[in-house]
Amino acid sequence: MANEASVNAETETGSSTGKAIGRSLAGWFVGYLISAVSSILFFVLGHIPPEKPASTSLIWITAVYGIVFAVIGSAVGASFYRRFALGIGAAIACTIGVVAMWSWYETPNLSHWSQLIAILLMAPAAQFGAFFRRSDD
């Protein structure tokens, strides 16, 4: 028969694991949402068609904007559970990359400069942003 201390330890471990998973998922969701919504607003409010060729200056502005919000999104997301900050940053980076590759696949005949920015610049920036929130313990 299990003693009371072992039952409480199992309950606390299970509960803390559930909290860690929940906080990590919430961090991933909020972090990606910050990056995605800011990108959508950038294109919609700026009347920028991402499927058409763009000037070099517009590509640079888009890249800087996307990098900044990827870093902000991942830093905010990683704040939800600092012990797993790098994992949350990796999940956000992976989501940015996968969504960009899916978008590229779905639009094979259109311009893909915005997807390239997301894959090559925004995804690594999202991983980098998590470094600001990681815990050393």
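Segment TRP60..TRP102, full-extension length gain: 12.9 nm, with 0.36 nm per residue of separation and the alpha-carbon distance subtracted. Protection proxy ranking for 44-55, 76-87, using the average of other Cβ atoms within 10 Å per residue and placing the highest first: 76-87, 44-55. The helix-only estimate of mean residue ellipticity at 222 nm for the chain, built from DSSP H runs of length n ≥ 4 each weighted as -39500 (n - 2.57), is -25000 deg cm²/dmol after division by the residue total. Counted by Cβ distance under 14 Å from ALA100, the other residues give a net charge of -2, where Lys and Arg count +1 and Asp and Glu count -1. Span-like helix criteria (full DSSP H runs; alpha carbon extent of at least 15 Å along the helix axis; mean Kyte-Doolittle hydropathy of at least -0.5) are satisfied in the chain by 4-45, 56-78, 85-106.
This ranking places TRP60, TRP113 by how few other beta-carbon atoms lie within 10 Å of each, fewest first, which gives TRP60, TRP113.
Does segment 66-137 come out rounded, prolate or oblate by the C-alpha gyration tensor, with a ≥ b ≥ c the root eigenvalues, rounded set by a/c under 1.5 and, if not, prolate when a/b is larger than b/c and oblate if not? Here segment 66-137 falls in the prolate category.
Per residue, the Cα convex hull of the chain amounts to 108 Å³. In this label model, SER16 and PHE131 are separated by 2.9 nm, measuring between points 7 Å along each Cα→Cβ vector.
Each value in this text was obtained by applying a stated rule to the coordinates, not by laboratory testing. Only a predicted model underlies this, so the values are computations on that prediction, with no experimental measurement involved. So basically every Cβ, Gly included, is an ideal-geometry build from the backbone, and we count neighbours across all protein chains shown.
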